[in-house]
Amino acid sequence: MQQESDRLRGEGLRIGFVPTMGALHEGHLDLLRLCRTHCDVTVMSVFVNPTQFGANEDFGRYPRDLDRDAMLAASAGCDILFTPQAEEVYPPGYSTWVQEEILSATLEGRSRPTHFRGVTTVVTKLFLMVKPHCAVFGQKDAQQAAIIKRMVRDLHFDIELLIAPIRREADGLAMSSRNMYLSESGRIEALALSRSLRLAEQFVAGGGRDADAIRALVKDELNRSGAVTVDYVALLDAETLDEVDMLSGQATLLAIAARVDRTRLIDNTILRVETIER
Ligand code: PAF
């Protein structure tokens with residue numbers, strides 16, 4: 001991959017990169033399509049990264065279907081599908097980690113303490129292997145996107161980052177590879193997540209600014225379904241991830257995580273006071 005990237009760079013081509021763990025859906029293909037508008041050659045990686053899964057998480061059963069992924073990636077215009085093996089990414093005796101220490105401590109980081117260390121480490125390695133000019137991540141993983149932005153800034157990666165909007169099913173459910181774990185009834189109950197975000201947006205559009213009131217509204221909607229167990233409902237500055245008490249001119253991230261059918265789902269929206277008031 002490094003040799004191919006050197007060759008492409010030598011030809012003056014701009015390399016775009018979309019890292020994934022496979023089990024591709026339309027959300028991933030949106031990342032590819034966005035990437036293609038910003039570069040000459042698009043690389044997508046498929047690598048189920050063991051180090052970002054906790055001991056009791058779903059690494060073993062994470063959906064894997066490389067043939068299907070390859071077909072979908074090609075259909076969306078991927079030029080190079082990069083599928084490294086775990087031993088290549090993590091050579092024997094591997095002992096070097098990349099860790100962001102502030103933004104990673106909250107939200108997902110609280111429930112999954114080693115998760116972001118695994119993400120920042122593998123993304124760094126993939127950046128060094130693919131040598132992209134630009135890379136695309138999804139807003140669906142808002143905290144991950146904020147952490148990668150911070151890491152790129154802190155470590156002086158010469159890479160332009162693009163964040164693609166959340167892709168939703170027609171009924172509002174945010175697309176995720178983990179949605180396939182949901183039962184038929186769980187799939188319906190999971191709609192409470194996007195519904196609660198829409199309620200919060202309406203509340204803010206109607207002049208609501210108080211974070212406690214927004215959190216209560218969202219939690220009430222989630223708890224209305226007995227099948228949903230709330231992990232967190234958080235209102236944070238979208239860049240620093242500092243908690244917000246009152247919405248102001250800054251973009252505020254409303255992020256939620258909940259379990260449905262023992263499957264952990266996350267979703268979010270950005271609340272913008274000025275945009276909504278206009
Ligand atoms: O968002 C993901 O799918 C993963 O966290 C990533 C960025 C591919 C790293 O393994």
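Treating each Cα of segment 133-278 as an identical point scatterer and ignoring solvent, apply the Debye formula and state log10 I(q)/I(0) at q = 0.10 Å⁻¹. Calculated log10 I(q)/I(0) at the listed q: -0.36. Rounded to the nearest whole Hz, the Karplus-based 3J(HN,Hα) values (6.51 cos²θ - 1.76 cosθ + 1.60, θ = phi - 60°) of segment 142-154 follow the sequence 4, 5, 4, 4, 5, 5, 5, 4, 5, 5, 4, 5, 5, with x at glycine and proline. Where only DSSP H runs of four or more residues are counted, the chain gives -11000 deg cm²/dmol as its mean residue ellipticity at 222 nm, each run worth -39500 (n - 2.57). Bridge orientation summary for the chain: considering DSSP beta bridges with both residues in this region, about 55 percent are antiparallel. Summarising the amide proton neighbourhood of Met21: residues at separation of 5 or more, or on other chains, whose placed amide H is nearer than 5 Å comprise Phe47. Could you tell me how many degrees, from 0 to 90 and to the nearest 10, lie between the Cα long axis of helix 26-36 and the main elongation axis, the longest principal axis, of the Cα atoms of the chain? Helix 26-36 and the main axis of the chain meet at about 50 degrees.
Excluding residues on the same chain fewer than 8 positions from Lys140, give the lysines whose Cα lies under 20 Å from its Cα. Filter leaves Lys149, Lys219. Remark: spin-label model distance Glu57-Asp242 equals 2.8 nm, labels positioned 7 Å along the Cα→Cβ axis.
3J(HN,Hα) couplings calculated from phi for segment 164-180 with the Karplus curve 6.51 cos²θ - 1.76 cosθ + 1.60 (θ = phi - 60°) are, in sequence order, 8, x, 5, 9, 10, 5, 4, 8, x, 5, 5, 5, 7, 4, 7, 4, 6 Hz; Gly and Pro show x. Counting Lys and Arg as +1 and Asp and Glu as -1 over every other residue whose Cβ lies under 13 Å from the Cβ of Asp245, the net charge comes to -3. Using C-alpha pairs below 8 Å separated by at least 6 residues, the relative contact order for the chain is 16 percent. If you line up the long axis of helix 191-205 against the longest principal axis of the chain, both from Cα atoms, how many degrees apart are they, to the nearest 10? Here the helix axis deviates by roughly 70 degrees. Largest first, the extents of the alpha carbon coordinates of the chain on the three principal axes equal 55, 39, 38 Å. Based on C-alpha pairs under 8 angstrom that are at least 6 apart in sequence, segment 138-226 has a relative contact order of 22 percent. Using a Förster distance of 30 angstrom, determine the FRET efficiency expected from the C-beta separation of Arg9 and Gln85, and round it to 0.05. E between Arg9 and Gln85, to the nearest 0.05, is 0.80. Give the shape of segment 49-191 as rounded, prolate or oblate, defined through the alpha-carbon gyration tensor: a ≥ b ≥ c are the square roots of its eigenvalues, a/c under 1.5 means rounded, and otherwise the shape is prolate if a/b is larger than b/c and oblate if not. Rounded is the answer for segment 49-191, as its axis ratio a/c remains below 1.5. Once the other residues with Cβ under 13 Å from the Cβ of Glu189 are scored (Lys, Arg +1; Asp, Glu -1), what is the net sum? Net of charged neighbours comes to +1. What's the center-to-center distance, using Cα atoms, between segment 1-57 and segment 219-278 in Å? The distance from the Cα centre of segment 1-57 to that of segment 219-278 comes to 28 Å.
None of the figures in this text is laboratory data; all of them are computed from the coordinates on show. Please read these numbers as outputs of a predicted model, since none were measured by experiment. All Cβ positions, glycine included, derive from the backbone under ideal geometry; neighbour counts span all protein chains shown.
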